[in-house]
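Okay, structure first, notes after.
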Amino acid sequence: MFIRFALLPVIFALTLSTCRRHSTLASTAQAASPPPAASASPAAASKPGSAPTSQQSSATITAGSPTKPGGKVVVDQTAQVIIFCYHRLVDKVRYPGTEITPAMFEQQMKSLKDRGITVIGMQDFLAWRRSEKNIPPRCAIITFDDGWKSQYEVAWPILKKLGYPVTMFIYTEGVRGASLGGGEAITWEQLADMRDNGVDIQAHSATHQDLREGHTVMVIDPDRKRTKKKLTGAEYEQWLQNEVVGCKTLLEQRLAIKVNCFAVPFGNYNDHVKEMARKTGYEAMFTVYGQPITFNTPMDSVGRYAIEANKPKVFEDAMKMIASSSGGANAVAAVGAADLQSEPAEGSTVRTALPLIKANLSSLGAVDPASVQMRVSGLGVVPASFDPKTGMVSYQVTQKLRDKSCTVIISAKAADGKKVEAHWTFGVEESGAPAGSTSPSASPKK
Ligand SMILES: [Zn+2]
């Protein structure tokens, strides 16, 4: 208990200074790049008050940026995601660098909904980046760092009320009962409860220290004796191995989960750390450079906005960035799913993993028949046939769809040379059980 209390202010101080450094760097970088279009329309975002589900309930058509020659552009490449990083929720803020009041947190969460930003889960984001799944045009991801019990006791109920998914970045020595886990730390039981209820649990190192070689670190022996040391060579490599690989292994074994994300402590890393993380099987690495994440953001430096109680502007800035940044999304217009007459219909569920997929493109106007392309989640581009007379595009799936949800993206070049795209999602539930048998999993989960 003492260790966590004694150590954390130091960590906070470091976090603060790092964050400041990072925001300076980030704003410099932004200033150097062309500013986002000031006139960009917020029409990209779904309507205020719309359901916060991770899938849109209507099909959308995107008139995106012109197609690059030979480039495979999918509609959701214009989508953008902002990722928020929170720490501890307390009624009385003493460390504003990492704390926030429950009231302010709830207000921020609600305002996402009010402004038409859809909160999606981390795994949906990763699936989008793998071109396996579509996401709404403007999304947010909520993450919590370090594993505080207030995240379980205070933040999670608020998120559940709003129907928001969440990701927890845990440093394993900070879990309650471990060498750095004091009375305010989250417990393994609480983490297991979160896991059982769909919370995404990911890695944040073992001991939460600067991972770069040459820094003095606190080495914790198995008997919990702590020594400050500047590690180099083989000794450093062994230590780093535990921070990057050991942390993942422990989380995976203790909770029987798959860990594929790594939040770098303080956002401090270098190519060597990145390389080890990649080899360990992390699909994404997260820093604290807040910025809207696009389809092309490098996965080894995904920036998050660290929200601090004394800087509500960071949250507002993030909201402004995603609302005004251009990405072609200002050209998105929503059309009713009925306009595409898609089959299987948007939101419906088919009983076969080999469905016939059809849509009528006449509502898109005249398109170049040779440019029509169908893309199916889990399959990629499929050899669909298009009949210019009827405007029907169709494809009989020949390889079983593996996911429970399938997104179809159709793109084509319009007469004026602009790219038009349409997408919709349907469910796949191939019933292997004999008809009439009731599944026990039909009862609601606790
Ligand atoms: Zn942290």
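The values are calculated or read from the model by the stated rules, or taken from the named source; none is laboratory data. This one's a predicted model, so the numbers in the text were calculated from it and none came from an experiment. Quick reminder, even Gly has a Cβ in these numbers, built from the backbone with ideal geometry, and neighbours come from all protein chains shown.
Only one of the listed residues (Ser54, Ser50, Ser131, Ser65) is under 14 Å from the mean Cα position of the chain (by Cα), modelled with pLDDT under 90 and not assigned by TED's automatic domain parsing to the domain that holds Leu162. That residue is Ser54. Which of the residues that make up segment 79-98 are surrounded by fewer than 24 Cβ atoms within 10 Å (Cβ to Cβ) and either away from the ligand (no atom under 16 Å from the Cβ) or over 22 Å from the mean Cα position of the chain (by Cα) (or both)? The answer is Val90, Asp91, Lys92, Val93, Arg94, Tyr95, Pro96, Gly97. Any residue in segment 166-182 that is under 18 Å from the mean Cα position of the chain (by Cα) and away from the ligand (no atom under 16 Å from the Cβ)? Looking through segment 166-182, none of the residues is under 18 Å from the mean Cα position of the chain (by Cα) and away from the ligand (no atom under 16 Å from the Cβ). With respect to the conditions (1) at pLDDT 95 or above; (2) touching a helix residue (DSSP H, G or I) at 6+ places or on another chain (Cβ under 8 Å), Gly267 falls short on a single one, namely (1). Applying the set (1) touching a helix residue (DSSP H, G or I) at 6+ places or on another chain (Cβ under 6 Å); (2) within 16 Å of the ligand (Cβ to nearest atom) to Asp200 leaves exactly one unmet item: (2). Considering segment 249-289, and only residues there that are within 16 Å of the ligand (Cβ to nearest atom) and in a helix (DSSP H, G or I), the residue that is farthest from the chain's Cα centre (by Cα) turns out to be Val273. Screening segment 111-146 for residues that are in a helix (DSSP H, G or I) and touching a helix residue (DSSP H, G or I) at 6+ places or on another chain (Cβ under 7 Å) and picking the one that is surrounded by the most Cβ atoms within 10 Å (Cβ to Cβ) gives Trp128.
Matching residues to (1) within 16 Å of the ligand (Cβ to nearest atom); (2) at pLDDT 95 or above; (3) more than 19 Å from Phe262 (Cβ to Cβ):
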position: Ala192; (1), (2), (3): no, yes, yes
position: Ala206; (1), (2), (3): yes, yes, no
position: Leu211; (1), (2), (3): yes, yes, no
position: Val219; (1), (2), (3): no, no, yes
position: Pro222; (1), (2), (3): no, no, yes
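For segment 159-182, which positions are under 22 Å from Phe286 (Cβ atoms) and surrounded by fewer than 21 Cβ atoms within 10 Å (Cβ to Cβ)? Within segment 159-182, Leu159, Pro165 qualify. Within segment 373-387, the set of residues being modelled with pLDDT of 90 or more and in a loop (DSSP other than H, G, I, E, B) comprises Pro383, Ala384. Residues being of a type in the set (Ser, Thr, Tyr) and over 19 Å from Cys85 (Cα atoms) are entirely absent from segment 292-309.
Considering only segment 153-165, state which residues are away from the ligand (no atom under 16 Å from the Cβ) and either not acidic (Asp, Glu) or not assigned by TED's automatic domain parsing to the domain that holds Lys320 (or both).
Result: Val154, Trp156, Pro157, Ile158, Leu159, Lys160, Lys161, Leu162, Gly163, Tyr164, Pro165.
Looking at segment 360-376, is at least one residue under 28 Å from the mean Cα position of the chain (by Cα) and in contact (Cβ under 8 Å) with a residue 60 or more places away in the chain? Yes, that holds for at least one residue.
Put simply, of Val175, Val199 the only residue that is touching a Phe, Trp or Tyr at 6+ places or on another chain (Cβ under 8 Å), farther than 30 Å from Asp221 by Cα and modelled with pLDDT of 95 or more is Val199.
Taking every residue in segment 236-265 that is assigned by TED's automatic domain parsing to the domain that holds Val217 and more than 21 Å from Met194 (Cβ to Cβ) and pairing it with any residue that is away from the ligand (no atom under 16 Å from the Cβ) and of a type in the set (Asp, Glu), at least 6 positions away or on another chain, the pairs with Cβ-Cβ distances below 6 Å are Tyr236/Glu213.
Condition check: under 25 Å from the mean Cα position of the chain (by Cα), modelled with pLDDT of 75 or more and assigned to a strand (DSSP E or B). Does Gly427 satisfy that?
It is true that Gly427 is under 25 Å from the mean Cα position of the chain (by Cα), modelled with pLDDT of 75 or more and assigned to a strand (DSSP E or B).
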